[in-house]
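The values are calculated or read from the model by the stated rules, or taken from the named source; none is laboratory data. In this text, all values refer to a predicted model and were calculated from it rather than measured experimentally. Glycine gets a Cβ as well: all are built from the backbone with ideal geometry, and neighbour counts include every protein chain shown. With ligands, DNA and RNA removed, areas are computed over all heavy atoms of the protein, side chains included. Shrake-Rupley method; radii C 1.70, N 1.55, O 1.52, S 1.80 Å.
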Amino acid sequence: IQWDLSKFSRNNNSLKQHAIINGRNQNEKIFEIGSYFGQCFTYSNSNLVPLLEFTNNNIVCYEPKKAWRFDSETKIRSALGLYQGIAGEYGKGRIVILGDSSFVGAYLIGQNSRPIGMNSIEVKDNFQFTLNIFHWLSRLY
């Protein structure tokens, strides 16, 4: 299995309209972020709204019977229309659900120590995206 960068951007409508994506001003506005692993999912709670939607038919979702155990019986389907991030009001608070932690971490992977996550050179807004999440969760806006 080849894992690589999945980009979410305004250009392909995979970044959805939300305060986290728009930020408080032009300097905080998110234009492109990327994930490297993680899950795709659906949701049905009307209090939650999408942040990140897979809009590329070339991205696939693996559905192993046991986590991270891939074999010839592993189901593979298009991730088109599935999500990797949602947010909303829940009870008296706010919640953000992400299907990948690489958005909010800074990692070096592989033999060449490729930077991914907030220190990625391939997508520029992962750090701001993480900051915007915490601003929104703490009700700065």
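Residues in region 90-99 include at least one that is in contact with a strand residue (DSSP E or B) (Cβ under 7 Å, 6 or more places away or on another chain), of a type outside the set (Val, Ile, Thr) and in a loop (DSSP other than H, G, I, E, B). Of all residues in region 116-134, those that are open to solvent by 30 Å² or more (accessible area, probe 1.4 Å) and either among the acidic types (Asp, Glu) or at pLDDT 90 or above (or both) total 5.
Per-residue answers, yes or no, for (1) of a type in the set (Phe, Trp, Tyr); (2) over 16 Å from PHE129 (Cα atoms); (3) over 18 Å from the mean Cα position of the chain (by Cα); (4) surrounded by 13 or more Cβ atoms within 10 Å (Cβ to Cβ):
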residue: PHE8; (1), (2), (3), (4): yes, no, no, yes
residue: GLN26; (1), (2), (3), (4): no, no, yes, no
residue: PHE31; (1), (2), (3), (4): yes, no, no, yes
residue: SER35; (1), (2), (3), (4): no, no, no, yes
residue: PRO64; (1), (2), (3), (4): no, yes, yes, yes
residue: THR74; (1), (2), (3), (4): no, yes, yes, yes
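Figure legend. Inter-residue proximity from region 53-67: first residues under 15 Å from ASN13 (Cα atoms), second residues of a type in the set (S, T, N, Q) and modelled with pLDDT of 90 or more, beta-carbon distance below 6 Å, spacing 6+ or different chains. Indicated pairs: GLU53/SER14; THR55/ASN12; THR55/ASN13; THR55/SER14; ASN57/SER78.
For ALA19, the conditions (1) exposed (fewer than 14 other Cβ atoms within 10 Å of the Cβ); (2) among the hydrophobic types (A, V, I, L, M, F, W, C); (3) within 22 Å of PHE134 (Cα to Cα) are fulfilled apart from (1).
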